[in-house]
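Accompanying notes for the structure given below.
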Amino acid sequence: MTLCLLLLSTVALAAAVPVPRALTRAAWPEREPVVGLWVWQCLVATVLLCCLTALVLGAAAVFHTVRDHVFAPAPPAVTAAYDLSAAPVWAVASTLLLAAGAAWTTAMLARELVEARRRRGFAREHLRERAPDLPAGLGTATRGPLLVLEDEYPDAWWMPGNPPQLIVTTGALHRLTDHQLDAVLTHERGHARARHDWLLHLSTALATGFPRVPLFAHFCDQTHRLVELAADDTASRRCGHLTTALALIELNQHRGVLSCASSHRLLGERVDRLLEPPPRLLRRQRALTSATAALVPLLPLLIVFGPGLSALA
């Protein structure tokens, strides 16, 4: 058990500190934001799995009730391979710390989801005030996938929920050409199809709950950046890089509105990237990177199940 806990700690520390810092300095995620998002998710999954498996193993060593439930179907040789008879003091302390961390993580995720639902409720109430119900027999102004609001400022955004809606202002309709408007709508639909809102909620909750963990802080920053680049790529593949860049400039001439959490620096980077698109990775490189990232979260499982499999062999 001691060796398993030490290996899990080593993997978690490596995935939480040096690897994220190296990944933030790498240039290839800007060329392949979708693959970059996948790698970040795999890193986070690795750390969370390390913590979860260490918690289960430590709890099984400290509490006999947990041990009986976890190892109930296992042969005696498997249970003996983990040497759970006497848990050292540091294992007890780490188990209690991991249990507190798991409870805190759950609380932060629940808080983020509740806050997001509350914000969506306020936003929908505001939309109902700006777009009142139509007369009986004509339906509802705020129902349906697309809603046009009377507003002089160009704006467009996707509102998740039930039902999800794409909101566009009349200012955007007047300022943008048909092709540019198509690019904006494709950008926002790209966010919706990839469920970027859930990814943003997860990264925000982890960064809020553990602000001093480099992985979670970088995960939040890079997620907000890469989801915009990925949506830009979706729009540019359909409407062209120049059209998407011009639409981005037109919408953000007065205020930043195209991205979920945009800054002027990110806006400039996105425009430059659209005007001078970087070369994509080769298909083989994308497949290899994705497959390698998908294998990393299996390390904690291999470490935990290793002694039991060896005993069975």
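Summary table
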read-out	value
CD proxy at 222 nm, helix term only [per DSSP H run n ≥ 4: -39500 (n - 2.57); per residue of the chain; nearest 500]	-23500 deg cm²/dmol
Region 77-218: relative contact order as a whole-number percent, Cα under 8 Å and 6+ apart	20
By average C-beta atoms within 10 angstrom, highest first, the peptides 233-242, 179-188, 156-165	179-188, 233-242, 156-165
Cα centre as origin, Lys/Arg/Asp/Glu Cβ charges: the chain dipole, Debye	440
Zone residues, region 289-306, relative to Ala313, backbone N less than 11 Å from point 7 Å out along Cα-to-Cβ	306
Built amide H within the under 5 Å cut-off of Leu147, gap 5+	Leu166, Ile167, Val168
Label-point separation in nm, Glu152 to Thr170, each point 7 Å along Cα→Cβ	1.2
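No value in this document is a laboratory result; all are computed from the given coordinates. Note that this is a predicted model, so its numbers are computed, not measured. When we count neighbours, we look across all protein chains shown, and the Cβ atoms used for this are built from the backbone with ideal geometry, even at glycine.
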